[in-house]
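Inspection log for the structure reproduced underneath, given as structure tokens.
The values are calculated or read from the model by the stated rules, or taken from the named source; none is laboratory data. These numbers were taken from a predicted model, which means no experiment stands behind them. Heads up, the Cβs are rebuilt from the backbone with ideal geometry, glycines too, and the neighbour counts pull from every protein chain shown. Only protein heavy atoms, including side chains, enter the accessible area calculation; ligands, DNA and RNA are left aside. Shrake-Rupley method; radii C 1.70, N 1.55, O 1.52, S 1.80 Å.
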Amino acid sequence: MQRLKCDEEICRNNYCRHCVKDVIQISNEAYCKSFDHKTNKNSNQAKFEYEFACDTGLGTEHDMHHILCNEEACDYWNFGECNAHEIHVDNKSVGAKCVTFTPKK
């Protein structure tokens, strides 16, 4: 499992750079497929899920996630899973993107 920090603030799964999803899907172009736009109806959902996980002991201080990745050109790709120790998803003009992506040598 990997650590995850996400700077995509308009994602409904993001609360203070913490992603509340246990499993994250990265596309074959290194975009976060788990990204989902915040709306007025779901804007506080991530906060409630994160607080619940922390209160019940399910949350971890290290933000460990299972990262499924389809970007075969990445050096961290390992047959559909990411083997980086930690990843960073950032807000790019074209969407939430895994900026840990490293081209294979």
If I build a Gaussian network model for the chain, linking alpha-carbon pairs within less than 10 angstrom, which residue out of Asp55, Asp36, Asp75 has the largest mean-square fluctuation? Asp55
How much net charge surrounds Asp75 when only other residues with a Cβ under 9 Å from its Cβ are counted (Lys, Arg +1; Asp, Glu -1)? +2
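First check a/c for the chain, with a ≥ b ≥ c the square roots of the eigenvalues of its C-alpha gyration tensor; if it is under 1.5, answer rounded, and if not, answer prolate when a/b is larger than b/c or oblate otherwise.
oblate
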Express the accessible area of the chain per residue in Å², computed with a 1.4 Å probe while the remaining protein chains stay in the model. 64
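What is the total of Lys pairs in the range 14-105 with C-alpha atoms under 15 Å apart, excluding same-chain pairs fewer than 8 positions apart?
Total qualifying Lys-Lys pairs in the range 14-105 comes to 6.
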Extending each Cα 7 Å along its Cβ direction at Asp75 and Met1, get the distance between those two points in nm, one decimal. 2.7
What number comes out for the charge environment of Lys92, summing +1 per Lys or Arg and -1 per Asp or Glu over other residues with Cβ under 14 Å away? -4
Applying the Karplus parametrisation 6.51 cos²θ - 1.76 cosθ + 1.60 with θ = phi - 60° to the phi angles of the range 33-46, what ³J(HN,Hα) value in whole Hz is obtained for each residue in order, glycine and proline being reported as x? 7, 7, 4, 9, 4, 6, 10, 4, 6, 10, 5, 9, 4, 4
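Just order 38-49, 79-90 by mean Cβ neighbour count inside 10 Å, highest at the front, would you?
79-90, 38-49
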Fully extended contour minus Cα-Cα distance, from Asn28 to Gln45, at 0.36 nm per residue: 3.3 nm
